[in-house]
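Notes to accompany the following structure.
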Amino acid sequence: MPKKLILDCDPGLDDALALLLAHGDSDLELVAVTTVGGNVSLANTTRNALQLREYFGFDDVPVAAGAAGPLTGPVVDAAYVHGASGLGNVTLAEPRLAASEIPAVDLIISTLAEAPGTIHLVATGPLTNIALALRKEPRIVDWAASFIIMGGSYTRGNTTPSAEFNIYADPDAAAEVFRAGWTVVMVGLDLTLQAVVNEPIVARMHALGSLGTDLVAPLATFWTNPLDDDWDGQALHDVCAVAYLARTDLFVSKPARVEVETTGEFTRGMTVVDFHSTSPNAIVPTKLDVARFWDYVHDAWGTVTPHG
Ligand code: RIB
Ligand code: CA
């Protein structure tokens, strides 16, 4: 039986490849996609999700738009990384199919309510939709089969020295999510920075045919960090979160207590991770079997025939 999942995302270069993995792996069944403002505007993340749905071929999966910005505080984006559109220099056909008329929060709640304990919730963008869903229906903590995020870090940030982007974009939402009473699988930067797209990996992407040359490789190589002297390639952060669901065996994890700083002048958005807590609320992957991860991801991506 494939594992069913809802993917809440902000496509986004790596979100797009996470969607490809969720669709391509026959051991996973994508049942809903919800979008949030994050890397780029909600309008752009939603358009990107609609375009990717038709390009990858999961037209029967609903895509619902959610929050445009954080619960409180300024709207931030990462267009400097993902490009103005959010998909780098990749251009896809305008979507034929519209987004669902159901708002993301209601789709998350209703999907989980209809099949309690059987659908996993994965979030790869700011956690605003998740926090709003928790406020509206706290029982989703019991209904979700598991809850996995790409976000946070137990060492350094990538948006500030202390904060990773998804948490920094909405620290108040993240704080509520970690305190909701469920166990959060926090796939943070310390793990995802092990999934680096170096030259041999780019070559494997090109071996995927037009899917690789037209989409996977361009998305995976669009961003290079001019400030990083020993730059070896992008990390596919969000792909790791979906991979954790499908292939937990590729990860070594530890329990921890995670709290989110929401007021610090220099630390707002920091995930404070206590691996020695006696009241853990999270599972934090720390090590990735990198070679098997890339074998798995390429095999799953390779099952998808692009449309258009
Ligand atoms: O910090 C990496 C995260 O921020 C990823 O989810 C990426 O898509 C961006 O949203
Ligand atoms: Ca993302």
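The values are calculated or read from the model by the stated rules, or taken from the named source; none is laboratory data. What you see is a predicted model; the values in this text were computed from it and never measured. For neighbour counting, all protein chains shown are included, and Cβ atoms are generated from backbone atoms with ideal geometry for every residue, glycine included. Only protein heavy atoms, including side chains, enter the accessible area calculation; ligands, DNA and RNA are left aside. Shrake-Rupley method; radii C 1.70, N 1.55, O 1.52, S 1.80 Å.
Under a Cβ-only charge scheme (Lys and Arg +1, Asp and Glu -1), can you give me the dipole magnitude of the chain about the Cα centre, in debye to the nearest 20?
Taking the Cα centre of the chain as origin, the dipole is about 440 debye.
Would you work out if the chain is rounded, prolate or oblate? Take a ≥ b ≥ c from the square roots of the eigenvalues of the alpha-carbon gyration tensor; rounded if a/c is under 1.5, else prolate when a/b is larger than b/c, oblate otherwise.
Judged from the Cα gyration tensor, the chain comes out rounded (a/c under 1.5).
Hey, got the dipole for region 188-308? About the Cα centre, +1 on K and R Cβ, -1 on D and E Cβ, debye to the nearest 20?
Dipole magnitude for region 188-308 comes out near 400 debye.
Pulled fully out, how much extra length does the chain show between Arg156 and His276, if you take 0.36 nm times their separation in residues and subtract their Cα-Cα distance?
Full extension from Arg156 to His276 adds 41.3 nm.
To the nearest 20 debye, what charge dipole does region 30-151 have about its Cα centre, counting +1 at the Cβ of each Lys and Arg and -1 at the Cβ of each Asp and Glu?
Around 240 debye, computed over region 30-151.
Per-residue accessible area for Thr248 at 1.4 Å probe radius, Å² rounded to 10?
Roughly 60 Å² of Thr248 is accessible to a 1.4 Å probe.
Which residues' amide hydrogens lie under 5 Å from the amide hydrogen of Lys254, considering only partners 5 or more residues apart or on another chain, with H built in the peptide plane?
It is Val284, Thr286, by chain and number.
In percent, how large is the relative contact order of the chain, given Cα pairs closer than 8 Å and 6 or more residues apart?
Normalised by residue count, the contact order of the chain is 21 percent.
Probe radius 1.4 Å, ligands and nucleic acids left out: which of His82, His237, His307 has the largest accessible area, and how do the rest follow?
Ranked from most to least accessible, the order is His307, His237, His82.
Which one, Gln51, Cys9, Met186, is farthest towards the positive end of the dipole of the chain when Lys and Arg carry +1 and Asp and Glu -1 on their Cβ?
Farthest along the dipole direction, towards plus: Met186.
Take the solvent-accessible surface of the protein heavy atoms, probe 1.4 Å, and return the percent of it on region 101-199 that carbon and sulfur atoms account for.
Roughly 51 percent, rounded to a whole number.
Determine, for each peptide in 86-99, 123-136, 183-196, the mean count of other beta carbons within 10 angstrom over its residues, then list the peptides with the highest first.
123-136, 183-196, 86-99
Report the extension gain between Val196 and Glu265 in nm, rounded to one decimal, defined as 0.36 nm multiplied by the number of residues separating them, less their alpha carbon distance.
Result for the pair: 21.7 nm of gain on full extension.
Can you bin region 190-233 into rounded, prolate or oblate? Criterion: square roots of the alpha carbon gyration tensor eigenvalues sorted a ≥ b ≥ c, rounded for a/c under 1.5, prolate for a/b above b/c, oblate for the rest.
Taking the square roots of the gyration eigenvalues as a ≥ b ≥ c, region 190-233 is prolate.
Could you tell me what percent of the DSSP beta bridges with both partners in region 145-293 are antiparallel, to the nearest 5?
Counting DSSP beta bridges with both partners in region 145-293, the antiparallel share is about 65 percent.
Counting only protein heavy atoms, what percent of the accessible surface of region 1-57 is carbon or sulfur at a 1.4 Å probe?
49 percent
Among the DSSP beta bridges whose two residues both lie in the chain, what percent are antiparallel, rounded to the nearest 5?
For the chain, the DSSP antiparallel bridge percentage is about 30.
Rolling a 1.4 angstrom probe over the protein heavy atoms, how many square angstrom per residue are accessible across the chain?
Each residue of the chain exposes 40 Å² on average to a 1.4 Å probe.
How large is the accessible surface of Tyr168 in square angstrom, using a 1.4 angstrom probe and rounding to the nearest 10?
Accessible area, nearest 10 Å²: 70 Å².
Using θ = phi - 60° and the Karplus relation 6.51 cos²θ - 1.76 cosθ + 1.60, list the HN-Hα couplings for region 59-70 in order, rounded to whole Hz, with x at every Gly or Pro.
Listing the rounded values in order: 4, 8, 8, x, 10, 10, 7, x, 7, 7, x, x Hz.
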